[in-house]
1. When the chain is fully extended, how far beyond the present Cα-Cα distance does C:Thr25 get from C:Ser335, taking 0.36 nm per residue of separation?
2. Put +1 on the Cβ of each Lys and Arg and -1 on the Cβ of each Asp and Glu in the stretch A:2-60; which of A:Trp54, A:Pro27, A:Thr38 then has its Cα farthest toward the positive end of the dipole?
3. Taking every pair of alpha-carbon atoms in the stretch C:320-417, give the share separated by more than 17 Å as a whole percent.
4. Starting from the 7 Å offset along Cα-to-Cβ, what nm value, one decimal, do you get for the label separation of B:Ala194 and A:Tyr187?
5. Amide H to amide H under 5 Å from C:Thr159: which residues, 5+ apart in sequence or cross-chain, H placed 1.01 Å off N in plane?
6. So what J values fall out for the stretch A:66-72 if you push phi through Karplus, 6.51 cos²θ - 1.76 cosθ + 1.60 with θ = phi - 60°, rounded to Hz, Gly and Pro as x?
7. When the helices in the protein assembly as shown are scored as -39500 (n - 2.57) per DSSP H run of 4 or longer and the sum is shared across all residues, what 222 nm value do you end up with, to the nearest 500 deg cm²/dmol?
8. Is there a quick way to get the dipole size of the stretch B:53-289? I mean about its Cα centre, with the Cβ of Lys and Arg at +1 and of Asp and Glu at -1; what is the value in debye to the nearest 20?
Amino acid sequence: MARAISTRRKLTFSILGWAIGLLIFFPILWTFLTSFKTEGTAIATPPQFLFFDWTLENYHEVQARSNYMKHVTNSIVISVGSTLIGLALAIPAAWAMAFSPTKRTKDVLMWMLSTKMMPPVGVLVPLYLIFRDWGLLDTRLGLVAVLTMINLPIIVWMLYTYFKEIPGEILEAARMDGASLMKEIVYVLTPMAVPGIASTMLLNIILAWNEAFWTLNLSAANAAPLTAFIASYSSPEGLFWAKLSAASTMAIAPILIMGWFSQKQLVRGLTFGAVK
Amino acid sequence: MATHQTRATARIMMSPAVILLFLWMIVPLVMTLYFSFLRYNLLMPGTEEFVGFLNYKYFLTDPSFFTALGNTLTLVGGTLLITVIGGILLALVLDQPFFGQGIVRLLVIAPFFVMPTVSALVWKNMLMHPVNGLFAWIARSFGFQPIDWFAEVPLFSIILIVAWQWLPFATLILLTALQSLDGEQIEAAEMDGAGALSRFFYLVLPHMSRAITVVILIQTIFLLSVFAEILVTTNGGPGIQTTNITYLIYAQALLQFDVGGASAGGIVAVILANIVAFFLIRLIGKNLER
Amino acid sequence: MLTRTLLLGAASVLAMASFAHAETTLTIATVNNGDMVRMQKLTDDFSKKNPDIKLEWVTLEENVLRQRVTTDIATKGGQYDILTIGTYEVPIWAKQKWLLPLDGLGQAYDADDLLPAIKDAVSVDGKLYASPFYGESAMVMYRKDLAEKAGVTIPEKPTWDQIAEAAKKMTDKSTETYGICLRGKAGWGENMALLTAMANSFGARWFDEKWQPQFDQPEWKKALTFYVDLMKEAGPPGASSNGFNENLALFQTGKCGIWIDATVAASFVTNPKDSKVADKVGYALFPTGDAGPDNHGNWLWAWNLGIPAGTQKAEAAQKFVSWATDKAYTELVASKEGWANVPPGTRKSLYANPEYEKAAPFAKITLDAMNAANTSKPSVKPVPYTGGQFVAIPEFQGIGTAVGQQFSAALAGSVKVDQALTSAQQLTTREMTKGGYIK
């Protein structure tokens, strides 16, 4: 009896869950499908779902027009680079905040977060001038620096909330055993903190990958990541649904695949102190 | 003695991040502040002069300013409302065991990986387009007049797009919180004859309050400066119906190239952001300190 | 001392050696329009002729491109060696001495072959500051089959009333056929280009001689009311977010009866590869209104290649500009893609070419439209500015876009025409006062 109910319940939730999942995923799926259509079929009424002549024409077209590999490489370098530097800066800071908090720790954290609230376009010209004078325009280094600073508050915040969950008693026990600070970090703290660090890293790679304002405005040819790639397809002349879909698919595929594969790690540490 | 030492170490460990962030904030801020008192248009070099508070006067008396402020708050509020409520419901569903749960979870988190520009382009051209869009086709096949999304309900359309992007984030955080809920407690409540609704309101929701606060905090930070979605879809229009503060400053900076005016706008936005931050801190402070 | 000299010597030898081998890299910023994408695909031809010059392309959507290049040139960022700019920017930038006068384009370039109106638009004090890549005016494109079915004829020089009548008769919403497609998306280069040209033909003007905005005048009211009413009755849904590209797509898929827009569109709508209606398109001059039969809106535009002043690569950059805009390039495109696809509207020789006449049925009307445009006297009333579908002052991008937002809202129906005009008047007065035009 109980079993029967639970199966029925499970079935109901399966239908509900899949319906919602597909609904949310639909725009992406639709883009993906459209990218294999010709421009004519892309806007045909009624819309064609699966039974159309699949073509790779759009991908060839996009490939011929832009140097996709260059943009992908730039995106990877910039997002991974800025995240790693961000982590290197944030881990010690978050550690300190979590394990020897002072009265001002909360204020410092909030101040850090508040730096993210400034609309970037308001400081575009000052930053552009600084970048010009330092020769950082259109360099990966420049973009890495900007994205590091933009995401640093989030990194610190995430790590802080995660570190705080680590029970202090364990550290004290280690200290009793006479472990040095270095050892404390390497042998005790790190293993416990890895899920949080991994999740922070993944989240920030995603954020950096998708950042479109600075990457677009401070790059030209050499350092331009995928956000600039997509800007060249955003409203060209004539029929462009299929080409736009192909370009969109190419722009989001790498990060989507990475996200899906590392989903478990991403979710495991993604608590922001939400769980207590 | 030991605490002294620890504190010193802590300070050293914090300093690189804090100092860099401070510089990152203060240098452009000071430059912006300086520019905001100048007549400074990129297109007219050589005419820079000190004009006092003129730029502020123009920015604050701009008839669009209060509309933009209102739009900003509506956008943030509307998106938060949809993502938090939607996220709670979605988390409740995903928390149940069902067939293919793992795959559904992948489908649900996918929008979070999509660049704002791309999602705006896709929604605008392929879904919401009143002639060629899929929604229009669906409406027509049921015999309805298709909605002209960006003309009739422009701000709601943008909220919808932004909410679609942030729903996965809210869902994930809320799901994590939900999963940490003690199963025994629920069972005990069930035994006591508590209905599903009262279990939800008296047990589940309070347990998730902390997670909800976090979702609100993080999303607000990002939602205050929503920009790409507006630029791609409506350009702030029709009229100024979808112009938010960020877009208003953008128009000053990159359409008029009025650096002075944009800087004044930037400073105003910083002040507004700090007011929001102040309220957020109080909210968070209450909820996170526990 | 000796070591220092030696070091210096070594350094300079090294520098020279590397100089001799160095290939120059040109970074070209361009719009993602069809003709430019085609140019990018033909790069090989240039590289073959100039193996020591490497080309890097930055292709962006029009608005993004404009922001990027303007920020860069105004701050002297130096990120680009060649810029794609419109006829709006050229005179303003040339006056700021931001552009290099193009005096090294070579013999084959033949500047006298440029259409006079276009040449004027990119010259300041007789010096060429940018080289036109393609040029356009505006005209009427319509579906001959639909016109016939509806029993209307569109004369070669139509009036707005004739257009409105034809559009209403061609409309059949049950088959998703809309009589008229006009730009409605807000932007100084989008709906305001059309509306300014249209207002010109209605006898309106942006400013009087004292730079007072004129939106409170009856001509503007008549023009805008006419536009909104016509679009409501015979336009497609979602018109307030349609720009050039959206309308092109609508027309190509057979959903528009009449489309009034840039002449450059003709080669897209007649291209059978992309267009379902390629063999059914008729043309007419831009409609006339109260301003009399001679004012066809005065729309004139060209996309041009310019070089930032102070560049280190002037010679290589001019080589490229000359390659991309001379007569040989036209022939190159013709040989690869057919005559109908060559960039139009810049050279007299193209319109004297019988092969082009034959391949491009829209050639004559394009030339007529361009010759009819007078950008120094856009309105019948006197004006203090130049420019046909825009006003050539630096503030116009901002003002034009803000006014465009109001008119777009009027089209969407969220504000009344009167209200839109009042807001436009107020905001323009504000900006012109701030800019110091109105004392």
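1. Extending this stretch completely gives an extra 108.9 nm.
2. Final value for the positive-end residue is A:Pro27.
3. 67
4. So the label points at B:Ala194 and A:Tyr187 sit 4.5 nm apart.
5. Long-range HN contacts for C:Thr159: C:Thr288.
6. Along the stretch A:66-72, the couplings run 9, 8, 4, 4, 4, 5, 4 Hz.
7. -19000 deg cm²/dmol
8. My answer is approximately 440 debye.
FYI, it's all coordinate maths here, none of it is from the lab. This structure is a prediction, so every number in the text was calculated from the model and none was measured. Note that we place each Cβ from the backbone using ideal geometry, even for glycine, and neighbour counts take in every protein chain shown.
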